[in-house]
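Novice: Before we start, here is the structure in question, set down as structure tokens.
The values are calculated or read from the model by the stated rules, or taken from the named source; none is laboratory data. Keep in mind the model is a prediction, meaning the values are calculated, not measured. All Cβ positions, glycine included, derive from the backbone under ideal geometry; neighbour counts span all protein chains shown. Side chains are part of the model used for accessible areas, which takes the heavy atoms of the whole protein and leaves out ligands, DNA and RNA. Shrake-Rupley method; radii C 1.70, N 1.55, O 1.52, S 1.80 Å.
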Amino acid sequence: MANPKTTDTALWVPAAEAEPRPTTVPGRLVQVWTRQFPYENLTYLWPEAAGVEPQVGLRVVVPLRNRRVTGYVVDPQATPLDRPGVRYKPVDLVLDPQPLCPPTLVRLLRWAADYYLQPLGAYLHLAIPPGLHALHRAEVRITPAGLQAAAEWAAGARQRRLPLWARVLLYVAEARKATLPKVRRAVGSRSLHAAVQYLRARGWVEVRERLHQRAKVPKTTVVHLVRPPADGERVPGAYRDILTYLTQAGRDVLLEELAEQVRDAESSGADPQVAQRRLRDRLRRMVARGWIQVYVQYHPRPIVWDAPVGSEAPVVLNDEQRAVLESLQKYVEAGTFHAGVLYGVTGSGKTEVYLRLIEAAVRRGKTALVLMPEIALIPAVTQRFRRQFGDLLAVLHSEMTPAQRTSEWWRIRTGEARIVLGARSAIFAPLEDVGVLVVDEEQDGSYRQDELPVYNAREVALARARFENAVALLVTATPSVETYAHARQGTYGLYRLTQRAVPGAVLPEVVLVDMRDAYARGSHPFFSPLLMTSLRETLDRGETAIVLINRRGYAPFVQCRACGHVLTCSQCSIHMVLHKKAGVLRCHYCDATEPVPKRCPVCERPYLIATGIGTERVQALLEREFPDVRVGVLDRDTLSRPRELFRLLGDFYEGRVQVLVGTQMVAKGHHFPRVTLVGVLEADTSTGLPDFRSHERLFQLITQVVGRSGRADRPGRAIIQTYRPEHYAIRYACQHDYEGFFREELAYRQRFQYPPFTSIVLLTVVHPEHALARQYAQTLTELLTERSIPQTQVHGPVQPLLWRLQGKYRYHVLIRTTDRRAVRQALRDVLGRLPFRRDFLRVQVDPYELV
């Protein structure tokens with residue numbers, strides 16, 4: 001799209017600022033998705049004066065109850081509703097002359113909606129950057145009659161208590177105009193509808209609805225002729241000059257150019273600002289008559305990043321890397337779909353291989369997309385990409401400002417940026433002619449989004465590559481069990497890198513510490529003597545270390561030593577986590593916070609104690625043991641402060657921070673040449689979870705974090721502390737033996753018929769009332785069971801481990817099948833006939849976890 005444009009919403013005024021008249025005449029109908037009713041598409045009448053044909057993905061403004069909202073066309077050929085006398089409201093405004101998403105992306109979004117059984121509109125909304133989401137703002141303006149009425153009321157305002165409508169009138173009269181949220185705050189009332197309607201009925205105020213978009217991206221305004229006036233249609237002289245110029249130009253005209261022509265035609269000496277307001281007022285009326293449309297064209301610019309690009313010596317590929325690259329390049333050159341697994345030990349140079357593959361695709365005029373599981377990994381990789389590709393690179397992730405994301409999105413959409421690097425949602429970037437899609441750390445659960453709309457970016461990447469005839473490369477040092485099973489069966493190509501890329505670098509030595517023996521000998525409950533000694537020796541040599549504890553905060557729970565009560569979240573069935581620095585207890589599921597009490601809320605005795613260990617506590621203990629050493633923390637709390645995160649990673653890379661404490665975020669993809677020691681605390685915490693992937697996640701976590709050590713010319717070491725050294729996931733991880741782990745894990749999955757031997761759909765019923773949650777789950781189970789779906793088992797309903805979240809009770813219904821198509825069809829049928837509201841049900845196809 002060479003000149004991207006959207007409607008200039010500043011020139012839109014709803015007709016007569018009133019509700020549009022519904023009609024029973026079924027003209028051309030469309031179905032529209034709105035965020036207000038995410039599971040129900042609404043039917044509207046397509047306006048004849050729209051100037052564009054309805055298409056899937058067009059953004060529109062529609063009336064909904066007593067307001068207007070933005071939605072997306074999801075069905076351009078809707079059938080009339082099967083209800084006699086139904087009245088259809090027309091679409092108010094079409095925001096785009098064509099869908100913002102390219103056709104290939106719309107096809108992908110349709111696939112995702114069908115595969116994950118989610119509303120298509122939710123994916124369309126997700127694919128558009130937040131800066132382009134139209135915001136609706138109602139503005140209340142005083143009229144001359146209202147000023148007079150306000151003056152009369154103000155005279156006696158102090159002598160009597162004023163009704164709500166009078167308080168609104170006095171405030172608006174003083175402010176002249178104000179948005180509804182501002183009026184609510186001023187008068188101290190949230191319910192203003194009746195008061196504002198009362199004032200409107202008397203002609204004392206006007207309510208105007210405006211649209212604006214948050215993104216501050218450089219743009220120009222253009223005027224487009226939709227149609228000339230019809231024969232006999234009255235055209236005032238001021239409009240005739242504008243229409244004549246647009247007709248003679250035969251093209252879209254810049255607003256500045258049109259303003260200059262109008263000023264020359266009128267020979268007016270009026271103030272330029274007054275003339276511009278007059279012109280925009282005329283254009284607004286011409287838009288309302290359907291003669292013209294006014295668009296804004298965006299002119300995005302590359303982001304100026306804080307970190308310098310620098311230079312780096314060119315990397316010479318070893319024989320393994322070269323062989324893998326040559327094999328993959330054949331598919332890029334042929335332009336055929338190919339799914340491959342790049343499976344290499346940690347530090348084997350997988351990134352360099354896919355960088356060269358992307359370079360080959362770009363030389364052939366193709367584009368490329370690279371997904372990373374954590375935003376914390378993106379800054380370092382960005383520098384490598386910028387060194388190689390410059391401004392051809394665009395970055396997309398949720399920690400960027402709306403203006404940054406919108407600017408980068410437009411650069412991608414116009415073809416200025418041909419390589420996209422981003423987190424999970426970047427899979428929906430508006431690239432065309434995709435040649436390579438890379439999913440780095442493909443096994444990571446962060447690629448899964450569990451809120452509306454649900455999707456797994458890895459699976460979507462495979463589908464997108466298939467639609468685009470591209471190469472999909474799943475990159476990993478610890479393949480997921482399903483991915484590796486597909487590779488062994490030949491569904492995916494398997495490409496191995498068995499040695500580290502740096503000459504002479506080897507996998508680190510791994511030492512397993514049985515904390516039961518260490519505790520029996522009276523050692524520290526969290527740090528074994530071996531780990532503390534190794535830390536001291538590492539720091540004395542001027543090297544750095546990583547300590548993994550997969551829990552945020554200071555302590556995972558606070559318990560009363562007198563009565564045993566554990567402080568829990570009032571909205572969730574989970575304990576509160578102590579965050580000592582902030583001085584609060586925090587729920588890591590609903591983010592509720594409470595001050596730390598001094599007494600037990602049950603027995604009222606002052607015997608509360610912080611139990612367990614988290615990143616904050618490890619940092620405090622290490623700073624006490626090594627007072628001259630800088631200890632940093634990398635976890636979700638750090639990620640919420642992007643600048644601090646980038647500074648921390650840079651300081652650790654350069655050695656200004658000597659010990660990095662972190663959760664699983666420290667284990668993924670980082671390259672720190674100075675790290676020669678890794679310590680893992682409480683490695684076995686996930687082994688008792690009632691989830692079939694828990695052992696796989698444990699193996700992957702240990703293997704990944706061990707791989708951060710000894711990646712350069714100095715040998716590395718890893719010390720794993722555990723109370724279950726005999727567990728097969730821990731044992732195989734310490735031996736760097738993925739094949740051994742895979743065989744044992746696959747046997748376990750086959751015994752209990754978990755993926756990859758079956759497919760799973762998890763249905764979760766949520767409701768504020770416990771009895772209704774149980775009742776709805778039972779009804780759902782009966783609806784599914786009575787359909788007798790072939791090769792399928794329906795289990796439940798059961799309460800999960802987290803049986804209450806965010807104030808809602810939860811019940812699980814699990815479907816296990818070898819016939820995906822039959823299950824999907826049955827679920828579509830059931831979802832269309834639910835005896836309860838659809839938003840009480842969460843559908844997860846191929847769930848990542850079952851808790």
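Novice: Is the shape of the stretch 219-298 rounded, prolate or oblate, going by the alpha carbon gyration tensor and its root eigenvalues a ≥ b ≥ c, with a/c under 1.5 for rounded and a/b larger than b/c for prolate?
Specialist: It comes out oblate by the Cα gyration axes.
Novice: Report for the chain the percent antiparallel among DSSP-assigned beta bridges with both residues inside it, nearest 5.
Specialist: Taking every DSSP beta bridge within the chain, about 60 percent pair in antiparallel fashion.
Novice: With all protein chains present, calculate the accessible area of Thr568 using a 1.4 Å probe and round the result to the nearest 10 Å².
Specialist: Ignoring ligands and nucleic acids, Thr568 comes out at about 70 Å².
Novice: Let me ask you something else. Could you compute the longest span of the chain free of GluC sites (Glu not before Pro) located in DSSP loops and having at most 12 other Cβ atoms within 10 Å, not counting the site residues?
Specialist: Between exposed loop sites, the widest span is 1-232.
Novice: Which one of Leu393, Phe337, Gln321 has its Cα pushed farthest toward the positive end of the charge dipole of the stretch 277-411, where Lys and Arg give +1 and Asp and Glu give -1 at the Cβ?
Specialist: Highest projection toward the positive end goes to Leu393.
Novice: Label point 7 Å out from Arg605 along Cα-to-Cβ: which residues of the stretch 550-580 have amide N under 20 Å?
Specialist: The answer is 558-568, whose backbone nitrogens lie closer than 20 Å to the label point.
Novice: Contact order normalised by length for the chain, with contacts defined as Cα pairs under 8 Å and 6 or more residues apart; what percent is it?
Specialist: Relative contact order for the chain comes out at 10 percent.
Novice: If I stretch the segment between Glu769 and Arg636 completely, what's the gain in nm (0.36 nm per residue apart, minus their alpha carbon distance), one decimal? Intermediate results must be reported in sequence, preceding the final value.
Specialist: Details: separation 133, 0.36 × 133 = 47.88 nm, distance 3.17 nm.
Roughly 44.7 nm would be gained on extension.
Novice: Right, here's the next one. Which whole-Hz couplings ³J(HN,Hα) result when phi for each residue of the stretch 351-360 is put into the Karplus expression 6.51 cos²θ - 1.76 cosθ + 1.60, θ = phi - 60°, listed in order with x for Gly and Pro?
Specialist: After applying 6.51 cos²θ - 1.76 cosθ + 1.60, I find 4, 5, 5, 6, 4, 5, 5, 5, 4, 5 Hz.
Novice: Kindly sort Tyr519, Tyr354 by accessible area of their heavy atoms, largest first, with the probe set to 1.4 Å.
Specialist: Working: Tyr519 145, Tyr354 0 Å².
From most exposed to least exposed: Tyr519, Tyr354.
Novice: Is the shape of the stretch 556-611 rounded, prolate or oblate, going by the alpha carbon gyration tensor and its root eigenvalues a ≥ b ≥ c, with a/c under 1.5 for rounded and a/b larger than b/c for prolate?
Specialist: prolate
Novice: What 222 nm value per residue comes from the helices of the chain, counting each DSSP H run with n ≥ 4 as -39,500 (n - 2.57) and dividing by all residues, nearest 500 deg cm²/dmol?
Specialist: That comes out to -10500 deg cm²/dmol.
Novice: OK, next. What FRET efficiency comes out for Glu333 versus Leu254 if R0 is 60 angstrom and r is the Cβ-Cβ distance? Round to the nearest 0.05.
Specialist: Values: r = 43 Å, r/R0 = 0.72.
According to the calculation, E is roughly 0.90.
Novice: Cysteines of the chain lacking any other cysteine beta carbon under 4.7 Å?
Specialist: If one checks each Cβ against the other cysteines of the chain, Cys101, Cys590, Cys734 turn up with nothing under 4.7 Å.
Novice: A further question follows. Give me the accessible area of Trp111, 1.4 Å probe, in Å² rounded to the nearest 10.
Specialist: Approximately 50 Å² for this residue.
Novice: Same structure, new question: About its Cα centre, what dipole magnitude does the chain give when the only charges are +1 on Lys and Arg Cβ and -1 on Asp and Glu Cβ, stated in debye to the nearest 20?
Specialist: Values: 115 positive and 87 negative charges, 556 e Å.
Dipole size: approximately 2680 debye.
Novice: Run the reach check for Lys598 against lysines, Cα to Cα strictly under 20 Å, same-chain hits fewer than 8 apart removed. What comes back?
Specialist: Qualifying lysines at Cα under 20 Å: Lys580, Lys581.
Novice: If you don't mind, there's one more thing I want to ask. Can you give the accessible area per residue of the chain, in Å², using a 1.4 Å probe?
Specialist: Accessible area per residue: 45 Å².
Novice: For Lys89, go through the aspartates and glutamates and keep the ones whose alpha-carbon is under 17 Å away, minus same-chain ones fewer than eight residues off.
Specialist: Cα-Cα hits under 17 Å: Glu17, Glu19, Glu40, Glu48, Asp75.
Novice: Starting from the Cα-Cα distance between Thr244 and Ala145, subtract it from 0.36 nm times their residue separation and give me the gain in nm to one decimal. Before the final figure, lay out each step's value.
Specialist: Values: separation 99, 0.36 × 99 = 35.64 nm, distance 3.91 nm.
Extending this stretch completely gives an extra 31.7 nm.
Novice: Any lysines with Cα under 19 Å of the Lys330 Cα? List them, leaving off those in the same chain fewer than 8 positions away.
Specialist: Partners found: Lys350, Lys366.
Novice: Now for a separate question. Would you list Lys808, Lys350, Lys89 from the most to the least accessible area, probe 1.4 Å?
Specialist: Greatest to least solvent exposure: Lys808, Lys89, Lys350.
Novice: On to the next question. Hey, with R₀ at 25 Å, roughly what FRET efficiency would Gln449 and Leu164 work out to, going by the Cβ-Cβ distance, to 0.05?
Specialist: Efficiency, rounded to the nearest 0.05: 0.05.
Novice: How about the stretch 33-69: which trypsin sites (Lys or Arg not before Pro) there lie in a loop by DSSP and see at most 12 other Cβ atoms within 10 Å?
Specialist: Sparse-neighbourhood loop trypsin sites (Lys or Arg not before Pro): Arg65.
Novice: Quick one: of the DSSP bridges fully inside the stretch 319-497, what percent are antiparallel, nearest 5?
Specialist: Expressed as a percentage, antiparallel bridges in the stretch 319-497 total about 5.
Novice: Further question: Show me 551-557, 471-477 ranked by packing, highest mean number of other Cβ atoms within 10 Å first. Write out the running numbers ahead of the final one.
Specialist: On the way: 551-557: 21.4, 471-477: 26.4.
Packing order, densest peptide first, comes out as 471-477, 551-557.
Novice: While we're here: Sorted from largest to smallest, which semi-axis lengths in Å does the alpha carbon gyration tensor of the chain give for its equivalent ellipsoid, taking the root of 5 times each eigenvalue? Write down the numbers at each step before the final one.
Specialist: Details: eigenvalues 549, 231, 177 Å².
Semi-axis lengths for the chain are 52, 34, 30 Å.
Novice: Ignoring ligands, DNA and RNA, what percent of the accessible area of the chain is carbon or sulfur (1.4 Å)?
Specialist: 48 percent
Novice: A further question on this structure: Just subtract the alpha-carbon distance of Leu64 and Asp319 from 0.36 nm times their residue separation and send over the number in nm, one decimal.
Specialist: Going from the current span to full extension adds 85.5 nm.
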